[in-house]
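The values are calculated or read from the model by the stated rules, or taken from the named source; none is laboratory data. Owing to the predicted nature of the structure, the values given are computational and were not obtained by experimental measurement. For neighbour counting, all protein chains shown are included, and Cβ atoms are generated from backbone atoms with ideal geometry for every residue, glycine included.
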Amino acid sequence: MAQAPPGPDTTKIPPPAQEPATPALPGGSPNGKRLVLTNGEYQLVREYTRKGDRVRYFSLERGDWEEIPASMIDWAATQKAEAATVAHNEAESKKLKQQEDASRTDMALDVDASLMTGAGTFLPSEEGMFAVEGKKITHLEQAELESHRDKKQALKQIITPIPIVPGKTNVELTGAHAKMRLDPSHLEFYLREAPPDPDKVSQVRHSSRPGDTMGGPDVELVRASVKGNKRLFQQNKDLFGEKIDEDRKTVLLQRWEVAPNVYRFTLGEQLKPGEYALAEITPDGLNMYVWDFGVEGDAKAGEKKK
């Protein structure tokens, strides 16, 4: 995927009339959209603007503003991808409304305890992250990430005469594969949080994503790189003790608030076989406790490894 250095100016510039900005999607809070390139690849962005022969966008992969020539973008394919996203979100909004109408009864039921998922099954009442595979619901366990200095990079720092080589810290999980294996064909996630403390209402967190005005958890779906007996989820670079960059591979994810303190996450693209984790992004960075799982490339998907 093509990359370009971030531009120094962070002022938003409205795009020209022939390339209108995508309107806010109904019913949900989008985590990104595709800016399709002429070579068939794409940049996963929060938003973009165009001025003359340059396009400025906020990269979700690298968490910063970048610029590329407008000639590198396939505008027809980009508009088609945006139209498909809008249609998908409208369909999801309609589906959610139908589910809410169907779940109403004359009995005074606890809304949270009787929340219906997309397949017509009810979400468990306990807190946590749930994987929903059709009518199967699994309560995901959390795993704790570990941070380790990259030994090869440290060696480069030692042998380099002038200390300009940045250090690297790998954020990873032990084990080449997660115990939980999920089927991506009918997969979505639900997060039920504890009700906020009434005495700390003013401190309730909100998403830190640019352009996202919807309160709630900022969760990313991160794909791991398997290296030996480790799953690498993020690599941090630092220079002279200061962090200068963090790199992780994210998958497009949509968030929907379906009930108080209950959030639904739907996939924006088909998951490839591999290792993944749902990770919360806090103001201080990646939460070191994640919900990890794997996706198989054969009929064994959906089974737990023993």
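Some observations on this one:
- The residue that is nearest to the chain's Cα centre (by Cα), among those in the stretch 66-79 that are part of a helix (DSSP H, G or I) and surrounded by 13 or more Cβ atoms within 10 Å (Cβ to Cβ), is Thr78.
- Those residues of the stretch 48-61 which are under 22 Å from the mean Cα position of the chain (by Cα) and surrounded by fewer than 17 Cβ atoms within 10 Å (Cβ to Cβ), in sequence order: Glu61
- Any hit, the stretch 55-73, residues being in contact (Cβ under 8 Å) with a residue 40 or more places away in the chain, among the aromatic types (Phe, Trp, Tyr) and in contact with a strand residue (DSSP E or B) (Cβ under 8 Å, 6 or more places away or on another chain): yes
- Within the stretch 280-292, the set of residues being assigned to a strand (DSSP E or B) and in contact with a Ser or Thr (Cβ under 9 Å, 6 or more places away or on another chain) comprises Ile281, Thr282.
- Yes/no for Gly27 being at pLDDT below 75, under 23 Å from the mean Cα position of the chain (by Cα), outside any helix (DSSP H, G or I) and assigned by TED's automatic domain parsing to the domain that holds Gly216: no
- Selection count, the stretch 44-65, where residues are basic (Lys, Arg), within 21 Å of Phe233 (Cβ to Cβ) and either assigned to a strand (DSSP E or B) or touching a His at 6+ places or on another chain (Cβ under 7 Å) (or both): 1
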